[in-house]
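The values are calculated or read from the model by the stated rules, or taken from the named source; none is laboratory data. For clarity, every value in this text was computed on a predicted model and none was experimentally measured. All Cβ positions, even for glycine, are placed from backbone atoms using ideal geometry, and neighbour counts span all protein chains on display. Surface accessibility is based on the protein's heavy atoms, side chains included, excluding ligands, DNA and RNA. Shrake-Rupley method; radii C 1.70, N 1.55, O 1.52, S 1.80 Å.
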There are 2 protein chains.
Amino acid sequence: MTEQRHGVTKMKTRLPGRTGVLEAAAKIAAILPPTPLLPLELDGVTIWCKAECLQPVGAFKIRGAWHRLSALDLRERMAGVVAFSSGNHAQGIAWAARKLGIHAAIVMPSDAPKPKLDATRALGAEVILYDRRQEGREKIAESLARERGSVLVPSFDDSWVIEGQGSTAIEIAVQMQAQAGIAPGQLVIPCGGGGLASGCALALPGIPIAAVEPEGWTDMGESLVLGRVVPVQDNPVFTSCDALQTKQVSPMTFDILRGAGAMGVAVRESEVEAAMRLAFDRLRVVVEPGGAVGLAALLARKVEAAAGTAVILSGGNVDRSAFAKVIAGG
Amino acid sequence: MTEQRHGVTKMKTRLPGRTGVLEAAAKIAAILPPTPLLPLELDGVTIWCKAECLQPVGAFKIRGAWHRLSALDLRERMAGVVAFSSGNHAQGIAWAARKLGIHAAIVMPSDAPKPKLDATRALGAEVILYDRRQEGREKIAESLARERGSVLVPSFDDSWVIEGQGSTAIEIAVQMQAQAGIAPGQLVIPCGGGGLASGCALALPGIPIAAVEPEGWTDMGESLVLGRVVPVQDNPVFTSCDALQTKQVSPMTFDILRGAGAMGVAVRESEVEAAMRLAFDRLRVVVEPGGAVGLAALLARKVEAAAGTAVILSGGNVDRSAFAKVIAGG
């Protein structure tokens with residue numbers, strides 16, 4: 001399954017597909033109960049909120065991590081895995097690695113929020129700090145993986161990771177059928193690197209997809225309009241959506257979303273905050289800013305709510321003080 | 001099934017039992033997906049948190065309301081139901097009544113939090129306000145029910161309501177078996193009037209039960225010690241647990257809990273707040289003060305966490321500003 005290239009163990013090119021998503025869904029169903037699909041009435045229309053913020057690590061990232069790590073062979077498991085992430089992917093990898101008895105080394109910025117560093121360490125991962133201003137984390141992770149002969153697990157530019165994230169949409173379809181007797185008519189999905197959105201596009205072909213990004217970080221949306229991958233512009237505006245601060249999507253996630261005819265949507269800070277308050281008031285779940293952009297797009301009517309609309313609340317890892325400030329406002 | 005007594009339609013005496021709890025569980029499973037049973041590691045021990053705060057009305061009360069209202073015959077449904085509540089029971093009744101096409105009149109204090117009044121009205125219920133300082137809500141509700149020939153649905157002193165709430169424990173047992181391959185070893189349950197705790201005791205006979213109350217409102221705990229129902233003492237201390245401010249439990253809930261050998265536990269404000277913060281940090285769910293007392297008891301080691309310990313997070317209806325204050329503190 002693998003080859004050595006430049007000393008780094010890399011998987012042979014393996015395009016992600018629906019079969020892989022269904023395999024991932026079965027593997028994940030065997031170890032994790034489905035997160036709830038919560039109905040929410042918006043102006044008389046019921047939309048369905050997939051609460052991935054309730055996963056054990058607080059985000060959907062556990063899915064791709066599990067699908068990838070559980071696919072490693074014995075030799076690869078012995079050599080451990082390397083990942084780079086300042087947040088949710090780190091915890092997903094650490095969780096899956098612990099469960100499989102694999103050593104995980106996670107390259108994290110030295111100024112990452114302490115709760116995220118602590119949570120990753122608490123899951124047993126080796127955390128390797130780097131200086132965000134001086135070094136590139138991809139390079140550090142790559143050379144570490146080369147040195148150790150470890151598999152590098154990127155946070156979105158990876159077939160297994162994409163397929164794993166796509167299992168979210170399989171669960172949504174099963175739950176919507178069971179709870180309301182209908183099929184999903186539209187998916188509204190937070191988009192950073194596009195792993196979740198592209199995986200869901202593979203999972204449910206033919207369903208309209210809205211990939212939602214914070215204003216200023218709309219590289220996926222712009223790439224979809226231009227028909228080629230373009231990066232985020234220099235000095236982008238501030239966003240509280242730390243989980244969606246991806247400077248450039250990958251050709252793989254982009255190609256899948258372009259092929260699916262996905263639409264990019266941008267939301268602003270005030271819309272994200274309103275969505276976080278709505279989730280608090282009506283669903284009683286904690287959603288982090290980046291996890292709330294899909295709901296924000298619906299609430300701001302940038303995406304029209306219709307029967308069978310599902311929106312993913314992709315994560316809930318937010319500092320207490322930041323959350324308190326948001327819900328006390330508005 | 002019913003008889004007229006003093007002009008009020010009352011059910012014939014019907015003791016709540018395990019058969020009724022199992023019936024309730026089946027009826028509720030047909031309309032509501034199970035709320036998640038979330039694992040939480042406390043000092044190396046995994047406890048299981050039943051997130052009833054994620055029910056459509058934000059509390060377990062939807063269960064008893066559904067079991068009771070769906071058991072009404074056609075004539076009773078035509079005559080509507082009456083309930084009194086300042087909070088979660090009101091919304092549970094309103095939700096079930098709307099789904100069944102039954103008119104619901106809810107007697108609520110005129111100074112009830114506006115969000116709770118609004119939510120009850122939004123569910124289509126007729127809200128009848130009364131002055132908490134001058135009138136007794138039981139009396140108002142009883143005379144209204146008599147006048148209209150409606151069934152009065154108390155919030156805990158009712159066989160159907162108790163059985164309905166007990167369905168929570170049936171779900172816990174099924175989920176714990178599926179997720180961890182074990183049976184519940186202990187249930188830790190918030191206690192106001194004791195409907196939830198007594199229903200769960202009927203559901204899983206032989207399992208140790210801790211009924212947790214806020215300090216100053218420990219009438220169930222004291223009644224269990226004394227072997228007879230005693231009320232809350234005059235001028236009890238302040239508690240933020242508005243859902244647990246019951247001045248006296250009913251003989252029915254008391255008898256069941258006494259028969260089950262349940263233990264009363266008291267928690268203080270600071271312990272409740274710590275539990276709300278823990279639920280925020282680690283589970284990403286919003287729990288109201290009264291819903292967090294069980295977790296508070298475990299966190300404060302007033303109840304020992306052991307394998308198979310399940311704790312019910314019974315509700316999540318809390319004002320934004322109150323919640324923000326709690327999570328910003330500590």
Using only Cα atoms and rounding to the nearest 10 degrees, what angle (0 to 90) does helix B:18-29 make with the longest principal axis of chain B?
90
With every protein chain left in place and a probe of 1.4 Å, what is the accessible surface of residue B:99, to the nearest 10 Å²?
110
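Over all distinct Cα pairs, what is the inverse of the mean 1/r for chain A, reported as the Kirkwood hydrodynamic radius in Å? Mind showing how you got there, number by number?
Working: mean 1/r = 0.0511 Å⁻¹.
19.6 Å is the Kirkwood radius here.
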Degrees separating the helix B:137-148 axis from the principal Cα axis of chain B, which is the longest one:
40
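Too long at a 24 Å Cα-Cα cut-off: which of B:50/B:114; A:99/A:139; B:116/B:139; A:114/A:302; B:61/B:139; A:50/B:50?
Listed pairs above 24 Å: B:50/B:114; A:99/A:139; A:114/A:302.
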What fraction of the DSSP beta bridges in the range B:35-122 is antiparallel, stated in percent and rounded to the nearest 5?
60
Other copies of residue A:26: label-to-label distances in nm, shortest first, labels 7 Å along the beta-carbon direction
3.3
Show log10 I(q)/I(0) for the range B:89-191 at q = 0.10 Å⁻¹, two decimals, from a solvent-free Debye sum over equal Cα scatterers.
-0.40
Please give the average number of partner chain Cβ atoms lying within 10 Å of the Cβ of each residue in A:314-323, rounded to a whole number.
3
At 37 °C and 0.692 mPa s, what whole-number value in µm²/s does Stokes-Einstein give for the translational diffusion of the protein assembly as shown, with Rh from the Kirkwood sum over Cα pairs?
128
Sparse-neighbourhood loop hits (trypsin sites (Lys or Arg not before Pro), the range B:283-330; DSSP loop; Cβ within 10 Å at most 13 others) -> B:301
Considering only C-alpha atoms, what is the centroid distance from the range B:98-122 to the range B:176-247, in Å?
26
Accessible heavy-atom area order of A:269, B:23, A:171, B:304, highest first, probe of 1.4 Å
B:304, B:23, A:269, A:171
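As a test, work out the antiparallel percent of DSSP beta bridges whose residues both lie in the protein assembly as shown, rounded to the nearest 5. Mind dumping the intermediate values first?
On the way: 23 of 79 bridges.
For the protein assembly as shown, the DSSP antiparallel bridge percentage is about 30.
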Just to confirm the numbers: residue A:227, label point 7 angstrom along the Cα-Cβ line, distances to the other copies in nm, shortest first?
8.8
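Quote to one decimal, in nm, the extra length available between residue B:43 and residue B:325 on full extension: 0.36 nm per residue of separation minus the C-alpha distance between them. Display every interim value, and only then the final one.
Working: separation 282, 0.36 × 282 = 101.52 nm, distance 2.66 nm.
My answer for the length gained is 98.9 nm.
How many times 2.2 N^0.38 Å is the alpha carbon radius of gyration of the range B:166-293? Can you show the working numbers first?
Working: Rg = 14.7 Å, N = 128, 2.2 N^0.38 = 13.9 Å.
For the range B:166-293, the normalised Cα radius of gyration comes out at 1.06.
Please compute the average number of Cβ atoms from other chains found within 10 Å of each residue's Cβ in peptide B:29-37.
For this peptide, the per-residue mean of nearby foreign Cβ atoms is 2.
Within chain A, what percent of beta bridges assigned by DSSP are antiparallel, to the nearest 5? Spell out each step's value before the answer.
Working: 11 of 39 bridges.
Here the share of antiparallel DSSP bridges comes out near 30 percent.
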A:282, B:75, ranked by accessible area, largest first (probe 1.4 Å):
B:75, A:282
Can you list the residues of the range B:260-290 that have at least 30 square angstrom less accessible area with all protein chains present than in their chain by itself, probe 1.4 Å?
B:280, B:281, B:284, B:286
Using a 1.4 Å probe, what is the accessible area per residue for the protein assembly as shown, in Å²?
39
Could you tell me how many degrees, from 0 to 90 and to the nearest 10, lie between the Cα long axis of helix B:159-180 and the main elongation axis, the longest principal axis, of the Cα atoms of chain B?
30
Shortest first and in nm with one decimal, please list how far the residue A:15 label point sits from its counterparts in the other copies (point 7 Å along Cα→Cβ).
6.9
Summing -39500 (n - 2.57) over the DSSP H runs of n ≥ 4 in chain B and dividing by its residue number, what mean residue ellipticity at 222 nm do you reach, to the nearest 500 deg cm²/dmol?
-12000 deg cm²/dmol
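Taking each residue in B:219-229, count the Cβ atoms of any other chain within 10 Å of its Cβ, then average. What number comes out? Show your work: numbers first, answer last.
Details: counts 0, 0, 0, 0, 0, 0, 0, 0, 0, 0, 0.
That average works out to 0.
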With respect to the symmetry axis carrying chain B onto chain A, which residue of chain B exhibits the smallest Cβ distance to that axis, and what is the value in whole Å?
B:324, 2
